Amino acid sequence: MADPTLQDYKNDVPNAWCPGCGNFGILQVLQKALVTLGLPPERVLLCSGIGQAPKIVHYLNCNAFDGLHGREVASAQAAKIVADDLTVIIHSGDGGAYGEGGNHFLHAMRRNVDVTHVVHDNHIYGLTKGQASPTTDQGQKVAVHPDGVAALPMNPLALAISQSCPFVAQSLSSQADHLLDVLCQAIRHPGFSYVNVLQPCVSWDPVHTYAYYQKHCYRLDTSHDPTDQAAALAVALAHDGRIPLGVLYRNDRPALRPVSEPGVGDLRECPDRPARLARVFDRYR
């Protein structure tokens with residue numbers, strides 16, 4: 001079988017993102033990452049929900065599952081558990097991941113199924129025209145908060161590190177080389193891998209622009225030890241006006257194994273897998 005190419009992942013679905021949207025950069029890098037890792041489209045499953053970020057699954061030629069808003073993590077885990085030979089990647093916005101899907105995000109870290117969760121974090125609800133999201137800055141004026149958002153923004157990186165998430169990283173949609181390296185590391189890492197991708201919304205967020213990130217972001221260097229949980233948490237909690245990019249934290253917790261049937265072993269090796277899966281499900285009826 002020939003190695004996959006970028007052309008293998010392209011399709012003719014019209015793109016509905018705004019010109020200049022940071023999602024374009026994530027789409028291009030995701031395609032390149034899948035090719036770099038030698039993953040053929042038929043062995044890749046993208047899971048998403050509702051929003052501008054989840055539209056990314058429409059624009060790649062591979063398997064895709066569009067579910068309910070904020071429920072993409074649940075769908076992805078189910079798919080990976082019963083078909084462990086698939087590479088499963090989740091794409092959410094900051095609203096779907098941290099708001100509607102917050103519980104799924106939190107417990108996926110504990111469960112540790114081998115999937116990769118990529119969050120397009122633009123600090124706003126872009127699809128519904130500019131409402132505050134869980135990561136919108138306190139005091140920022142948006143559509144439904146004309147006097148400024150009262151709540152503190154969520155710190156998803158600190159949350160993930162505090163819960164010993166197996167892989168925690170952050171990148172920027174406009175830094176293609178950095179994002180490619182981070183995505184490849186995340187997909188290769190066994191267990192639940194989480195990547196927060198900062199992604200400017202050019203239509204609804206005048207604060208977090210490309211120029212803003214160019215000024216405030218910095219890349220973690222070799223002096224940062226990603227296996228040191230306390231050090232990683234300190235980086236995530238720093239209030240110095242700088243935004244870290246790179247792998248903040250990782251560990252080697254064993255990933256949750258695929259579904260198996262007593263006396264049979266791994267269901268992937270069974271020629272009658274559908275029948276055996278049915279018997280597994282019958283145990284829980």
Sum of -39500 (n - 2.57) over DSSP H runs of 4+, divided by residues of the chain (222 nm, nearest 500) = -8500 deg cm²/dmol
Using only Cα atoms, locate the centre of region 84-120 and the centre of region 228-246, then give the distance between them in Å, rounded to an integer.
-> 21
List the extent of the Cα atoms of the chain along each of their three principal axes, largest first, rounded to whole Å.
-> 60, 45, 40
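Is the shape of region 1-147 best called rounded, prolate or oblate, per the rule: a/c under 1.5 gives rounded, else a/b larger than b/c gives prolate, else oblate, with a ≥ b ≥ c the square roots of the Cα gyration tensor eigenvalues?
Numbers: a/c = 2.51, a/b = 1.43, b/c = 1.75.
In terms of gyration-tensor shape, oblate.
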Select from HIS117, HIS107, HIS69 the residue whose mean-square fluctuation is largest in a Gaussian network model of the chain (Cα-Cα springs shorter than 10 Å).
-> HIS107
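What is the calculated FRET efficiency for ARG43 to ARG110, with r their C-beta to C-beta distance and R₀ = 22 Å, to the nearest 0.05? Show your work: numbers first, answer last.
Working: r = 27 Å, r/R0 = 1.22.
The pair ARG43/ARG110 has a calculated efficiency of 0.25.
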Once the piece of chain linking ASP228 and LYS129 is laid out straight, how much longer is it, given 0.36 nm per residue of separation minus the C-alpha distance between them?
-> 31.7 nm
Under a point spin-label approximation (7 Å from Cα along Cα-to-Cβ), what is the TYR210-HIS145 distance to one decimal in nm?
-> 2.7
Share of antiparallel DSSP beta bridges in the chain, in percent to the nearest 5?
-> 20
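Quick note: the coordinates plus some simple rules give every number you see, no bench work behind them. Quick caveat, the model's predicted, so the values are computed rather than measured. Don't worry about glycine lacking a Cβ; one is built from the backbone with ideal geometry, like all the others, and counts go over all protein chains shown.
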